[in-house]
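Any read-out appearing in this document is the output of simple, stated calculations on the displayed coordinates, not a laboratory observation. Fair warning: this is a prediction, and the values are worked out from it, not measured in the lab. Backbone-built Cβ (ideal geometry, glycine too); neighbour counts: all protein chains shown.
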């Protein structure tokens, strides 16, 4: 990891991640309802509580904490000392809700994306996909219900999150999920099978399909902590860079990794004749491009003027250097 | 129509409805984006701008106006004089947004419900269903994008709707759409094919599947106009009664009407061996039950103490006496 912030001790990122993942998993398990009718809850929980990387929730929490400063976060020493339950009750309840809401949107998109009429994938994170396990109709409904649940999480009626923050979070999430974001990107993806895209078109597709929600994760974290305009802009630049880097690395992994490592079917982009960064620019150039985007992300953090961006740096690192 | 409110002139409901429908259609046409990528916008607009009855939007607007009092509404004389564009800019911008948002949720649910893995219906409002016209993948995405767009509409970033109202509307809509509402009801529906439900179970299914969104429409209209607790409760009772009446009448029409009148496939409940009010209680009792619910709805309006509930009365009338 790039150690640009010399004033601070190196972050024990493994500990940070473990604490934050624990908080996210506990919150998701609490908030995705087992009691939803007629097996719907089972399908929803199967889709969500399956050991994903939780990159988006971690981005929300890291962005929020980068503005709040040290010691305020879910994974801060104080929170760790008080244990996970206390962390859940902590002042950044809004950030934890936002973290889970982006993961629900991500999870629903995977459920629908895996269906026979879309990518027709039977394996996801090493397990049968939701429609294989529960049937297509239940998978469709579970995806729909997960999207609604994301907005339920953002609008608690207990007064724990201010109306202004609720409204801002819903605005960011809806736009990232909808036609000008993820769903729009998937429509381009759908239309691009067997079509020759140039690099600009490919970038536009991924900005929407994957980038919008990753970028929204960072923006939602910032919205929970009253970021300044300059901080928000720098974090948006960071989010855009790692959003794109994520997809470039995804394309690289689809070529170089095997299905067992990925937990999903490898090589399917080439099989489906989908344009990718690798097919467009070649493997070596794609790798160099991922590195460039990584540097852009770190530059944006440096520009932000935020005192502690160590977790965001480490997450950028994780995005680019992951093997699955 | 029951003319209980003797202090007021009878409402010219045809004029009221025409004005309000015009405002809703114009707003939907403006807000459902034609420019969404790769044909997604076309599928979204096809799903929404197709001459539905717009019962839910009308309920939102009527509920809001019943609290605001005469002359404040989209279809008020002042608004009518100023023309439709001015009405769109009027102070009840929140109600118009809420009206469109419930219609988007309704429209997306029809798109997904019609898909082969669900009801496999090829005809909707006299036209080919979305997946028949655009393919299953695009239909799936269009439904997903419409759900997100509903929450976009509720969270304008131009300051036209207060954060408190935005948050309240998102909270109501998300809960009505999700696992404890519409999606949950559809899961019960899915699980109930060929299963014998008793009347309580059937009512519970419909309370979620259809009732939740109809009831939310009324509640969202009330939320746009700062209703008192007593007014909200009375309107909630009204919404619950007409929500259930709507489904009872739907079941009756599925038996007595033909496909041409319905604009969708008639007799499909019996074909699919689905439990209905008619199959459970017989046609005559189902008709009597619809009448009872209608009376309950009007009683709730009388109890509300609201000065002018004529449009809400007329909408209850429309729900029970419709022929399609």
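A few remarks follow.
- Cα shape, segment B:13-319, gyration tensor, a/c 1.5 rule: oblate
- Among A:310, B:203, a tally of other beta-carbon atoms within 10 Å of each Cβ gives an order, fewest to most, of B:203, A:310.
- The modelled label-to-label distance for the pair residue B:127/residue B:195, using points 7 Å beyond Cα in the direction of Cβ, is 3.5 nm.
- Across peptide A:228-237, the mean count of Cβ atoms from other chains lying within 10 Å of each residue's own Cβ comes to 0.
- Calculated [222 nm] ellipticity per residue, helices only, for chain A: -21500 deg cm²/dmol; basis is -39500 (n - 2.57) per DSSP H run with n ≥ 4, divided by all residues, nearest 500.
- Label-point spacing for residue B:157 across the identical copies (point 7 Å from Cα in the Cβ direction), in nm and ascending order: 2.9.
- Inter-label distance, nm, simple model (7 Å from Cα along the C-beta direction), residue A:321/residue B:255: 6.9
- Hydrodynamic radius (Kirkwood) for the protein assembly as shown, which is based on Cα pairs only, to one decimal in Å: 25.6
- Per-residue mean of C-beta atoms belonging to partner chains within 10 Å, peptide A:27-39: 3
- Gyration tensor verdict on segment B:136-228 (Cα atoms; rounded if a/c is under 1.5, prolate if a/b is larger than b/c, oblate otherwise): oblate
- Label spacing, shortest first and in nm, from residue B:282 to its equivalents in the remaining copies (7 angstrom along Cα→Cβ): 8.2
- Judged by the mean number of other Cβ atoms found within 10 Å, the most tightly packed of the peptides A:206-218, B:129-141, B:38-50 leads the ranking A:206-218, B:129-141, B:38-50.
- Note on residue B:273 and residue B:29: the model spin-label points, each 7 Å out from Cα along the C-beta direction, lie 4.6 nm apart.
- Other copies of residue B:50: label-to-label distances in nm, shortest first, labels 7 Å along the beta-carbon direction: 3.0
- Relative contact order of chain B, taken over Cα pairs closer than 8 Å and 6 or more residues apart, is 21 percent.
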